[in-house]
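These notes concern the structure reproduced below.
A short reminder: the numbers here are calculations on the coordinates, not readings from a lab. Note that this is a predicted model, so its numbers are computed, not measured.
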Amino acid sequence: MGRLKKTVVLVGMMGAGKTAVGTQLARQLRVPFVDTDDEIVRAANTTIADIFARHGEEFFRAKESQVLARLLRGSPVVLSTGGGAFLSETNRALIAENGVSVWLQADLELLWQRVRHKNTRPLLRTENPRQTLADLLASREGAYSEASLVVASAPDMSIDMMARRVREALQTRPDVLES
């Protein structure tokens, strides 16, 4: 199976499968799965949408960085981040220093199919959410491309298959996953 030596940080757009794939990957690697958004919600005792509404995105991003730094200092886990977490140069440096980033890459159509019926995405509460998603994807791909590893998703790929592909990518990194 292999022993995880560094935290695996899943990055990518909302709908890329970071939580679902991360949960399965953590099971396969026999380590805990942690979602930074869940940790922020627990710490703030309110929803992310409420944090955005009350305090704005800047406040949320600051809390996200604090939570990320704390989690990266702990034992190795599989960590799912919010879609905007990896945009921060500070967060990218923190992750590179203390873990390994894996971009779950998905195209616009796949992302849209996965998020269009969810009303829990504050950034998509716009007149044209599909265009907003397209714009976000276009503006974020440059940052995501700086991830240490990239694993492409496809509509016909199961969560288990995606988790196995991430594990295979991690096996190319003996500093992260000991065989």
- request: Once you've got the GNM for the chain with C-alpha springs shorter than 10 Å, pick whichever of 74, 83, 99 has the biggest mean-square fluctuation.
  value: 74
query: Long-range amide H contacts for residue 80: which residues qualify at under 5 Å (H placed 1.01 Å from N, peptide plane, sequence gap of 5 or more or a different chain)?
result: 10, 34, 35, 36
statement: Normalised Cα Rg of segment 26-127, dividing by 2.2 N^0.38 Å with N its residue count, works out at 1.13
For segment 109-173 versus segment 17-41, the gap between their alpha-carbon centres in whole angstrom: 15 Å
task: Report, in degrees rounded to the nearest 10, the 0 to 90 angle that the Cα long axis of helix 48-73 makes with the longest principal axis of the chain.
output: 10 degrees
- prompt: Given 37 °C and 0.692 mPa s, how large is the Stokes-Einstein diffusion coefficient of the chain in µm²/s, with Rh as the Kirkwood radius over Cα pairs?
  reply: 200 µm²/s
field: Helix axis angle, 89-98 relative to the chain longest principal axis, alpha carbon, degrees
entry: 20 degrees
query: Restricting to the chain, what percent of DSSP beta bridges are antiparallel, rounded to 5?
result: 10 percent
